[in-house]
Amino acid sequence: MQKRLFFVPLAVIIFILYFTVFGDRGLLRINHLHRDLDDTQKRLSELKEENDQLKREIAALQSDRRYLESIARRDFGLVRSNEVVYQFPPQARSAAPQAPEPAAATRQTAPPAAAAKNPPAGGPRSRQ
């Protein structure tokens, strides 16, 4: 009889502890939610930083002509009419740096877009 009275409160305590740790609002769930919150806040700060960077780039694109020119040169390969562009073939990386051969350089006076419209005489031929 004494043992039975001892097990009833013990069972109630174990039942309460189980739901305190493993339940829907238990310690494990709260810990998981805190980790999710930290991850979400970190992602939010990264997105805010990226958003600010994009806003600065938009402002530069709208007002800074030099920035527009650098984008056109870098991404589209555009050049001014009085500029000469030298293109060198890519070299294999070696231990000793080698000077480029002058014969390998090609002189181009038109923008690459114009060169694509007017292919050279030895260009690709259509099949007949």
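A few notes on this one:
- Taking every Cα-Cα distance in the stretch 2-76 and sorting them into 5 Å bins starting at zero, the pair-distance distribution P(r) comes out as 3, 12, 9, 9, 8, 7, 7, 6, 6, 5, 5, 5, 4, 3, 3, 3, 2, 1, 0 percent.
- Computed from point charges on the beta carbon alone (+1 for Lys and Arg, -1 for Asp and Glu), the dipole magnitude for the stretch 2-76 about its Cα centre is near 400 Debye.
- For Ala11, net neighbour charge (Lys/Arg +1, Asp/Glu -1) across residues whose Cβ lies under 13 Å away: +2
- Counted by Cβ distance under 14 Å from Asp75, the other residues give a net charge of 0, where Lys and Arg count +1 and Asp and Glu count -1.
Here, each number is a calculation from the coordinates, and none is a lab measurement. What you see is a predicted model, and the numbers here were worked out from it, not measured in a lab. Please note: Cβ atoms are built from the backbone with ideal geometry, for glycine as well, and neighbour counts cover all protein chains shown.
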